[in-house]
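Remarks on the structure that follows.
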Amino acid sequence: MLNKHKFVLLIAVIMLLPMVSLMPVVAAQDAAPDCGTEPVVLNAYFETGFDIPFRLAEEFTRQYPNVTWDIKQDQFTNLINSTPRLLSGDNPPDLIRLPTMVSFAMQGLLMDLDGYAEAFGWNDWPVPQLDQNRVAEDGTRGSGTLFAMGLNYSLTGVFYNKELAAQIGMTEPPATLAEFEALLAAAKEADLLPIMQWGSARSGMGLAFPLQALMASVGPVGPINDWIYQKPDATIVSESNIEAAEHLLRWIEAGYFPSDINAIEYTDANGRFAQGEGVFIFNGDWQNAVYNAEMPGNIGFFLMPPAEEGGAPAAMSAPLTFGIAANAVNADCAAFFFNWVASNETAREIGVLVGGSNPGGPSGLEMPAVEEGSVTNETLAAGVVVGEAGTSMDFIANATSAIFAQGWTPELQKMVGGRQDAAGLLEAVQAEYERQLEE
Amino acid sequence: MVTAMTLSEPVSQPIASSRKTLSSKPISRESVIGWLFVLPALIMYAIFVLFPLLQSVRYSFFRWNGIGEMRWVGLDNYATILDDPNLLGTIYNALILVIFFSVIPVTLGLIVASIIHRIAPGKLGAVARTVLFLPQVIPLVAAGIIWGWLLALTGLINQLLDAVGLGAITRAWLGDFDWALPAVGFIGVWVLLGFCTVLLWTGMTKLDPALFESARIDGADWRTEFTRITVPLLRQEIGVCLTVTIIAALAAFDIVYVTTAGGPGNATAVPGIQIYILAFTQQRIGLASALSVMLMTLVLLIILPIQFFNRDTSK
């Protein structure tokens, strides 16, 4: 028979059991998650043609041999189409390259990363890194829940062929838009193609790069970001943006771009530029490794200059965004990978040397060394300038999942074909944007 | 037993009589066996063709992103297509492609097959047929990529035009608003001409040579032979060519996607491309389904009369 004390003790033990069983869980929540020691196969979807995630995956397995990868890859345009089905499918990816994220976040297909941000201390990183991947409850970007992370943080601007630039008398990068336009005119005068750019529907219209650069040159970046982040009542049809589009139209009419731009693919444009066709090309630092290899010592970079002398240059700077599916099996390990990418020395080196971009991560970490004479030095330095000025923007093509394919690309192609004017371009894109947001 | 009696009837019994015996019995063993033979194919057809078809029709009445909840919108998706010039324009582009994918290959195919049949029945004819048929064995995606290079500003086509003094008309054919659709259509001619030629030539070889002989004795020239004998007697083959090529034109996707992806602007956007973009890029499954249903209806509206006029009435 149980006496009273034993009975009370037994009850106490029974009461405590569930709490004891919860203890490991609580302890696990306190420590930052990792990949453990058991074999883990990370189910990943990467973008074809971009080496950086593949190289990072290789290095990660080298450092954590229990983690192996099941990597599927596809073209960016195909990924745009298949991402919703991959995220909602039976075998959701642990890691996936995200072309856009708002609709996926709103549909509950992406994992909320706020817990991981807390555990790993990502919230202490320089603010802009995480903000572009946050989505608020009303679907606006820039604040709210964290749904994705960048493997690195790319920067766009103007690359130039140093030999050809010297031919037109360019001794240093232009300080104002007027100086840049004078150089374009000089290139045309010298029978050189001023700007090489791509523009086929398959690659997506590359004139969106100079257009956005012009928008930020003649106007403020805030309203552009508001539009990209889908803030209420945001519009792309503003006075300064129309002025920017008019600049672009004048460049088109002056023959500053190749006459066959509507048929040029991204890879062809870069190939032709490397072969000496075009003094300038608007592109991003993800192309650094290729430019360094194909145009050693002959490639330079500058940020699009402001219209006003002394103004701050601005640039499109976006994370190489990856997310974790809401139902991913190895979410902890994927989150640990994100943290490793930004903080591990070798991973950061890969981010810079292969990816060509700033690896981000906690402030105070040393930037990996880059070979002397590499254009990567110039893009990294430019990134610091934009970071200090607070003039970075996301890409206008990322405002909605289909705005690039259904808005910017066809309307800019029409502008090249003489079938669209500056205001008409922006109004058509705005109408498409509003229609897509209504969906 | 009736069934046993039916089965034991001599094989030489006239078919008409046999049919009558079978049709008078609601379920005969033969028909059951027949259905059993057909069943596997029928099940596959039902799963992979009929079910998706009915689902598409159903989706076309909903607003749905493919993941979330479906909302009934009645005929709104169809109204959207008829209201939106970009969507309606894709059907117009597809009809233009019919000229290139169907009218030109069938017409040229008739002429080429007739020439091969008349003047080159030997090895030369075999070589000509093989060369013309080769595009059929090349995957359309590969053909599209190759033609993308050929039609580029610095491609072979422009080099040839330059060489013959037509440098003034050179351009990036696939990036030009006025010429992109005809350029894509030209690729279609290249792909489908061989198919039509070989099919029509096969038909010609079955025609009774006595007909041509007696026509020639009566003094008929090549043109008269062609219009009075060849074309009327090849009605069936022409019908097949038209059916296959018109469907290829209206449902075109691969060549267009690989060469222009619908650009520049929407100059080469065809329903196939637009359905793909609506369904997979924009996640507008309902609207994409409605456009698919409209495309299918359009195909049937064009193909059924061809089938009707080409039906074999000789029996």
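State yes or no: is residue B:91 surrounded by 16 or more Cβ atoms within 10 Å (Cβ to Cβ), part of a helix (DSSP H, G or I), within 14 Å of another protein chain (Cβ to nearest Cβ) and β-branched (Val, Ile, Thr)? Judged against the criteria, residue B:91 is not a match. Per the conditions (1) within 14 Å of another protein chain (Cβ to nearest Cβ); (2) in a helix (DSSP H, G or I), the sole criterion not satisfied by residue B:211 is (1).
Is it true that residue A:386 is away from every other protein chain (no Cβ under 14 Å), in contact with a helix residue (DSSP H, G or I) (Cβ under 8 Å, 6 or more places away or on another chain) and of a type outside the set (Gly, Ala, Ser)? Considered against the rule, which asks whether it is away from every other protein chain (no Cβ under 14 Å), in contact with a helix residue (DSSP H, G or I) (Cβ under 8 Å, 6 or more places away or on another chain) and of a type outside the set (Gly, Ala, Ser), residue A:386 comes out as no. Number of residues in the range A:240-266 that are within 12 Å of chain B (Cβ to nearest Cβ) and either under 27 Å from the mean Cα position of the chain (by Cα) or over 24 Å from residue B:177 (Cα atoms) (or both) equals 7.
Matching residues to (1) in contact with a helix residue (DSSP H, G or I) (Cβ under 7 Å, 6 or more places away or on another chain); (2) more than 26 Å from residue B:144 (Cα to Cα):
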| site | (1), (2) |
| --- | --- |
| A:218 | yes, yes |
| A:221 | no, yes |
| A:226 | no, yes |
| A:231 | no, yes |
| A:238 | yes, yes |
| A:243 | yes, yes |
| A:268 | no, no |
| A:274 | yes, no |
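Filtered by the rule that a residue be more than 24 Å from residue A:229 (Cβ to Cβ) and assigned to a helix (DSSP H, G or I), the range A:82-103 gives A:82, A:85, A:86, A:88. Within the range B:166-199, the set of residues being free of Cβ contacts under 8 Å to residues at least 24 places away in the same chain, of a type in the set (A, V, I, L, M) and at the interface with chain A (Cβ under 10 Å from one of its Cβ atoms) comprises B:172 only. Screening residue A:386 with (1) within 21 Å of residue A:160 (Cβ to Cβ); (2) of a type outside the set (Lys, Arg); (3) in the same structural domain as residue A:213 (by TED's automatic domain parsing); (4) surrounded by fewer than 21 Cβ atoms within 10 Å (Cβ to Cβ) gives one miss only, at (4). If the condition is being buried (at least 20 other Cβ atoms within 10 Å of the Cβ), more than 14 Å from chain B (Cβ to nearest Cβ) and of a type in the set (A, V, I, L, M), then the range A:389-404 contributes A:393, A:396.
Filtered by the rule that a residue be over 19 Å from the mean Cα position of the chain (by Cα) and polar (S, T, N, Q), the range A:378-418 gives A:406, A:413.
Of the residues that make up the range A:256-278, is at least one in a loop (DSSP other than H, G, I, E, B), assigned by TED's automatic domain parsing to the domain that holds residue A:105 and either of a type in the set (Ser, Thr, Tyr) or surrounded by 24 or more Cβ atoms within 10 Å (Cβ to Cβ) (or both)? No, there is no match, as no residue in the range A:256-278 is in a loop (DSSP other than H, G, I, E, B), assigned by TED's automatic domain parsing to the domain that holds residue A:105 and either of a type in the set (Ser, Thr, Tyr) or surrounded by 24 or more Cβ atoms within 10 Å (Cβ to Cβ) (or both). Take residue B:107 and decide whether it is at pLDDT 90 or above, closer than 30 Å to residue B:223 by Cα and surrounded by fewer than 16 Cβ atoms within 10 Å (Cβ to Cβ). In short, yes.
Yes/no per residue for (1) assigned by TED's automatic domain parsing to the domain that holds residue A:268; (2) of a type in the set (D, E, K, R); (3) within 23 Å of residue A:269 (Cα to Cα); (4) at pLDDT 95 or above:
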residue: A:168; (1), (2), (3), (4): yes, no, yes, yes
residue: A:178; (1), (2), (3), (4): yes, no, no, yes
residue: A:184; (1), (2), (3), (4): yes, no, yes, yes
residue: A:191; (1), (2), (3), (4): yes, yes, yes, yes
residue: A:194; (1), (2), (3), (4): yes, no, yes, yes
residue: A:203; (1), (2), (3), (4): yes, no, yes, no
residue: A:228; (1), (2), (3), (4): yes, no, no, no
residue: A:232; (1), (2), (3), (4): yes, no, no, no
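Would you tally the residues in the range A:81-97 being of a type in the set (A, V, I, L, M) and either surrounded by fewer than 23 Cβ atoms within 10 Å (Cβ to Cβ) or in contact with a Lys or Arg (Cβ under 7 Å, 6 or more places away or on another chain) (or both)? Qualifying residue count, the range A:81-97: 1.
Among the residues of the range B:72-85, not a single one is assigned to a loop (DSSP other than H, G, I, E, B), within 21 Å of the chain's Cα centre (by Cα) and modelled with pLDDT under 95. Only one of the numbered conditions (1) crowded, with 16+ Cβ neighbours inside 10 Å; (2) away from chain B (no Cβ under 14 Å) is not met by residue A:233, and that is (1). Exactly one residue out of A:265, A:243, A:277 is at pLDDT 95 or above, farther than 18 Å from residue A:212 by Cα and acidic (Asp, Glu), and it is A:277. Selection of the range B:151-165 for residues being more than 27 Å from residue B:249 (Cα to Cα) and either surrounded by fewer than 15 Cβ atoms within 10 Å (Cβ to Cβ) or within 8 Å of another protein chain (Cβ to nearest Cβ) (or both) yields B:154, B:159, B:160, B:162, B:163, B:164, B:165. All of A:424, A:418, A:407 fail the test of being within 14 Å of another protein chain (Cβ to nearest Cβ) and at positive phi, apart from A:418. Out of contact with any helix residue (DSSP H, G or I) (no Cβ under 6 Å at 6 or more places or on another chain), assigned to a loop (DSSP other than H, G, I, E, B) and not assigned by TED's automatic domain parsing to the domain that holds residue A:331 - does that describe any residue in the range A:126-138? No. From the list A:65, A:99, pick out the single residue that is modelled with pLDDT of 95 or more and not aliphatic (A, V, I, L, M). Exactly one of A:65, A:99 is modelled with pLDDT of 95 or more and not aliphatic (A, V, I, L, M), namely A:65. Note on the range B:247-274: residues that are more than 8 Å from every other protein chain (Cβ to nearest Cβ), of a type in the set (Val, Ile, Thr) and buried (at least 22 other Cβ atoms within 10 Å of the Cβ) amount to 6. Scanning the range B:277-289 for residues that are at the interface with chain A (Cβ under 8 Å from one of its Cβ atoms) and not basic (Lys, Arg) turns up B:277, B:280, B:281, B:282, B:283.
Only one of the numbered conditions (1) more than 22 Å from residue A:119 (Cα to Cα); (2) buried (at least 19 other Cβ atoms within 10 Å of the Cβ); (3) within 22 Å of the chain's Cα centre (by Cα) is not met by residue A:336, and that is (1).
The values are calculated or read from the model by the stated rules, or taken from the named source; none is laboratory data. This structure is a prediction, so every number in the text was calculated from the model and none was measured. No Cβ is skipped: glycine too gets one built from the backbone with ideal geometry, and neighbour counts run over all protein chains shown.
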